[in-house]
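I have placed the structure first, in the form of structure tokens, so that the comments after it can refer back to it.
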Amino acid sequence: MFTKPVLLVIAHGSRDPRHAATVHALVRRVRSLRPDVRVETGFLDFNIPSVQGVLESLAAEGVRDVVALPLLLTRAFHAKADIPAVLRDAPPQLRIRQAEVLGPSPLLMAALERRLYEAGLTPADKSSTGVVLASAGSTDPEAIAVIAEIAREWRHTGWCAVRPAFASASLPRTEDAVRELRKLGCERVAVAPYVLAPGFLPDRIARGAADADVLADVLGAAPEVARVLLERYDAARVPVLTAVGA
């Protein structure tokens, strides 16, 4: 039935059960969009199945071609180190290509706006609303620079102001960005979590949004996110490399 490479979605994993539930909901949406593609899910930590376990099962079935897609918004440590290390230990008969991370993408910006509108804003509110683009945070300068650039680009679409914030590793925190937007004179302040699934750091973002007027939901299984996954898959699957790191 499936003639294309298997799409292996690699999620970080979490002790919070909402994380895995959201990942599985997103994968179901991807499958519904592309029933001709076999989609599997593996977790780096905390949840099962593990990435290694999925790869071993695929090899045992006789699968040869796999596109491994990091369920990540920026190219930080997991995309640069953890995931390549796991893929290098895959069964040697598998031909694997690691796809690019999801962000940045205009589709993700559209998903952010979708979540803000679902939380109560309207397009007419943009010019009077300041937005905090709240991400998980990273020690990787490249990842931080990407978040800052997304905030700058998003500001040009009509919002009163957009400020980046981080739940860990970097500053400012969400609450600091909310205060800054208040001082700028924005009529209302909204917080848009630039994260894929609920968990410890998104909860920290939510606490930091206590003084905001609007808190959007995480990106989750938004249709735009599913489309980005398939864009990254299509870009990576031709040609499929003989091996990761070979």
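When each of the peptides 98-108, 65-75 is scored by the mean number of other C-beta atoms lying within 10 Å of its residues, the order from highest to lowest reads 65-75, 98-108. Among VAL132, VAL195, VAL37, the residue with the largest mean-square fluctuation in a Gaussian network model of the chain, with springs joining Cα atoms closer than 10 Å, is VAL37. Remark: the chain carries 45 Å² of accessible area per residue (probe radius 1.4 Å; ligands, DNA and RNA excluded).
Listed by chain and number, the aspartates and glutamates whose C-alpha is less than 12 Å from the C-alpha of LYS4, apart from same-chain residues fewer than 8 away, are ASP36, ASP65, ASP234. Surface composition of segment 131-246: carbon and sulfur atoms hold 54% of the protein heavy-atom accessible area at a 1.4 Å probe.
One equal scatterer on each Cα of segment 139-246, no solvent, Debye formula: the resulting log10 I(q)/I(0) at q = 0.10, 0.20 Å⁻¹ is -0.38, -1.15.
When the Gaussian network model of the chain links Cα atoms closer than 10 Å, the mean-square fluctuations of ARG95, ARG38, ARG15 top out at ARG15. The H on the amide N of SER50, modeled in the peptide plane, is under 5 Å from the matching H of PHE43, each at least 5 residues off or on a different chain. Summarised in one figure, the compactness ratio Rg/Rh of segment 190-240, Cα atoms and Kirkwood Rh, is 1.18. Using the alpha-carbon atoms, what tilt in degrees (0 to 90, nearest 10) does helix 17-33 show relative to the longest principal axis of the chain? In the chain, helix 17-33 runs at an angle near 70 degrees to the longest axis. Solvent-accessible area assigned to carbon and sulfur over segment 1-92 amounts to 54 percent, based on a 1.4 Å probe.
Summarising the amide proton neighbourhood of ARG163: residues at separation of 5 or more, or on other chains, whose placed amide H is nearer than 5 Å comprise VAL131, VAL132, LEU133. Ranked by solvent-accessible area (1.4 Å probe, protein heavy atoms only, all chains present), the residues LYS126, LYS80, LYS4 order from largest to smallest as LYS80, LYS4, LYS126. Relative to the longest principal axis of the Cα atoms of the chain, the long axis of helix 223-237 makes an angle of roughly 40 degrees.
Listed by chain and number, the aspartates and glutamates whose alpha-carbon sits under 12 Å from that of LYS126, ignoring those within fewer than 8 places in the same chain, are GLU113, GLU187.
Only DSSP H runs of four or more residues enter the estimate; each adds -39500 (n - 2.57), and after division by the residues of the chain the mean residue ellipticity at 222 nm equals -12500 deg cm²/dmol. Could you give the angle, 0 to 90 degrees to the nearest 10, between helix 141-155's Cα long axis and the longest principal axis of the Cα atoms of the chain? So the helix axis and the longest Cα principal axis differ by about 50 degrees.
When Rg and the Kirkwood Rh are both derived from Cα coordinates, the Rg/Rh ratio for the chain amounts to 1.00.
The values are calculated or read from the model by the stated rules, or taken from the named source; none is laboratory data. What you are looking at is a predicted structure, and each value in this text was computed from that prediction instead of being measured. A quick note on method: Cβ atoms are made from the backbone with ideal geometry, for glycine too, and the neighbour counts reach across all protein chains shown. Quick note on the areas: whole protein, heavy atoms, side chains included, nothing else; ligands and nucleic acids left out. Shrake-Rupley method; radii C 1.70, N 1.55, O 1.52, S 1.80 Å.
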